[in-house]
Amino acid sequence: MVRYLEKSEYGKCRPLWEEAFPEDSKSFADYYFSEKLPGSKVLAIEGEEGKLLTMAHLNPYMISVNGKKWELPYIVGVATAAHQRHKGYMRQVLNQMLRDLNQEKKPFCFLMPAAEAIYRPFQFAFIYDQPVWKPEDEPEKDLEKVPVDLAEKSEELAHWLNNWLEKRYEVYAVRDRAYMELLKKELESEAGEVTGLYEKDGKLHALEAWWGLGKREERFYYSISEIKPSDMHPAIMVRITDVRSLLEVIGLNENAPGDKFQAVLSIKDPIISENEGCWLWKLGKNGSTLE
């Protein structure tokens, strides 16, 4: 039976996590299970003696979508015990999760796939390419580099990052004090370092972070300068879970030739029947309706 675990049962997830994700360090797993998982939901199927056969974790993030904010799930920890695979357990869990999110009127969920082929049958699709930076891409060589404490400057940095994101994206995860403090702990779990690049007048120009106990990897790089990355690779997949909630925040932009527009949408959704059918989409300058 597919069910959500009680928080007191979350310790059951650790053995399956360690089996499924052996590349994760103990220090990162310790961080995740002590700091991140307690605020999340876990949907699972149990076997004998309460051992988990399959699980999926729903980590909540506040997401801004065209100015409207929702708490939406970032899906992680999707795993099935090695000796229980190919029995349809993961399909049961993911189908239940998608239907539940529809009932909660969540517009979408998102994830970073280990293998996209796992999620394509559930109608997940890539929507974001992550940039790959190299030192020679960065022109801020004359800026002063200063170590930054994300928790100590949480509100200041959250404001700077939200402003940076809002200017470039219509959909992004909202930063706040709790987000920055948790990010600091996550980075520290694998010897992370955050550096601020400051102009002569003390203004923050760029923010970067590296982490990794073995191979060091750049975790993020935000800069006021418009820099072209060395490469891009598909990173984030999304699955629409409530068509009505998502489309109602979309409206006509300032360049539209008129104040109103309507279209008929034919939507097929083999998992969430509430999304399926013919819809009349009426758009205006301040949003839209779906009938």
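Give all pairs with beta carbons closer than 7 Å in which a residue from segment 234-246 that is hydroxyl-bearing (Ser, Thr, Tyr) meets a residue that is buried (at least 20 other Cβ atoms within 10 Å of the Cβ) and part of a helix (DSSP H, G or I); count only pairs at least 6 apart in sequence or on separate chains.
Thr241/Leu98; Thr241/Leu101; Thr241/Asn102
Just checking, how many residues over segment 1-26 are open to solvent by 40 Å² or more (accessible area, probe 1.4 Å) and either in a helix (DSSP H, G or I) or more than 26 Å from Gly192 (Cα to Cα) (or both)?
Residues that pass the stated criteria total 13.
Take Asp129 and decide whether it is at pLDDT below 95, open to solvent by 80 Å² or more (accessible area, probe 1.4 Å) and out of contact with any helix residue (DSSP H, G or I) (no Cβ under 8 Å at 6 or more places or on another chain). Full working, then the answer.
Values: at pLDDT below 95: yes; open to solvent by 80 Å² or more (accessible area, probe 1.4 Å): no; out of contact with any helix residue (DSSP H, G or I) (no Cβ under 8 Å at 6 or more places or on another chain): yes.
The answer is no for Asp129.
Among the candidates Met55, Met112, Met90, Met97, single out the residue that is open to solvent by 50 Å² or more (accessible area, probe 1.4 Å) and in contact with a strand residue (DSSP E or B) (Cβ under 8 Å, 6 or more places away or on another chain). Spell out how you get there, then give the answer.
Numbers: Met55 fails: open to solvent by 50 Å² or more (accessible area, probe 1.4 Å); Met90 fails: open to solvent by 50 Å² or more (accessible area, probe 1.4 Å); Met97 fails: open to solvent by 50 Å² or more (accessible area, probe 1.4 Å).
None of the other options fit; the residue is Met112.
Looking at segment 33-56 only, could you name the residues that are touching a helix residue (DSSP H, G or I) at 6+ places or on another chain (Cβ under 8 Å) and part of a helix (DSSP H, G or I)?
Phe33, Glu35, Lys36, Leu37, Pro38, Gly50, listed by residue number.
Just to be sure, is Ile63 closer than 20 Å to Lys105 by Cα and buried (at least 17 other Cβ atoms within 10 Å of the Cβ)?
In short, yes.
Select from segment 1-42 the residues that are aliphatic (A, V, I, L, M) and in contact with a His (Cβ under 8 Å, 6 or more places away or on another chain) and list them in ascending order.
Looking only at segment 1-42, we keep the residues that are aliphatic (A, V, I, L, M), and these are 1-2, 5, 16, 20, 29, 37, 42.
Result: Leu37, Val42.
I'd like the residue in segment 221-245 that is in contact with a strand residue (DSSP E or B) (Cβ under 8 Å, 6 or more places away or on another chain), hydrophobic (A, V, I, L, M, F, W, C) and over 30 Å from Val264 (Cα atoms) and, out of all such residues, is most open to solvent (accessible area, probe 1.4 Å).
Only one residue fits best here, namely Met232.
Filter segment 112-133 down to the residues that are farther than 28 Å from Arg216 by Cα and assigned to a helix (DSSP H, G or I) and list them by number.
Within segment 112-133, Tyr119, Arg120, Pro121, Phe122 meet the criteria.
How many residues are in contact (Cβ under 8 Å) with a residue 12 or more places away in the chain and assigned to a helix (DSSP H, G or I) when one looks only at segment 247-281?
3
Only residues that are open to solvent by 70 Å² or more (accessible area, probe 1.4 Å) and assigned to a strand (DSSP E or B): list them for segment 152-204, please.
Val171, Glu193
Looking at (1) within 18 Å of the chain's Cα centre (by Cα); (2) exposed (fewer than 13 other Cβ atoms within 10 Å of the Cβ); (3) not polar (S, T, N, Q), find the lone condition where Ala79 falls short.
Ala79 satisfies all of (1) within 18 Å of the chain's Cα centre (by Cα); (2) exposed (fewer than 13 other Cβ atoms within 10 Å of the Cβ); (3) not polar (S, T, N, Q) except (2).
For the condition among the acidic types (Asp, Glu), under 30 Å from Pro121 (Cα atoms) and open to solvent by 30 Å² or more (accessible area, probe 1.4 Å), what is the one hit in Glu274, Glu254, Glu218?
Numbers: Glu254 fails: under 30 Å from Pro121 (Cα atoms); Glu218 fails: under 30 Å from Pro121 (Cα atoms).
Glu274 is the lone residue from the list that is among the acidic types (Asp, Glu), under 30 Å from Pro121 (Cα atoms) and open to solvent by 30 Å² or more (accessible area, probe 1.4 Å).
Can you tell me which residue is farthest from His83 (Cα to Cα) among those in segment 27-38 that are open to solvent by 50 Å² or more (accessible area, probe 1.4 Å) and under 20 Å from the mean Cα position of the chain (by Cα)?
Glu35
The values are calculated or read from the model by the stated rules, or taken from the named source; none is laboratory data. The model shown is predicted, which means the values in this text are computed figures rather than measured ones. FYI the Cβ positions are ideal-geometry reconstructions off the backbone, even for glycines, and counts take in every protein chain you see. With ligands, DNA and RNA removed, areas are computed over all heavy atoms of the protein, side chains included. Shrake-Rupley method; radii C 1.70, N 1.55, O 1.52, S 1.80 Å.
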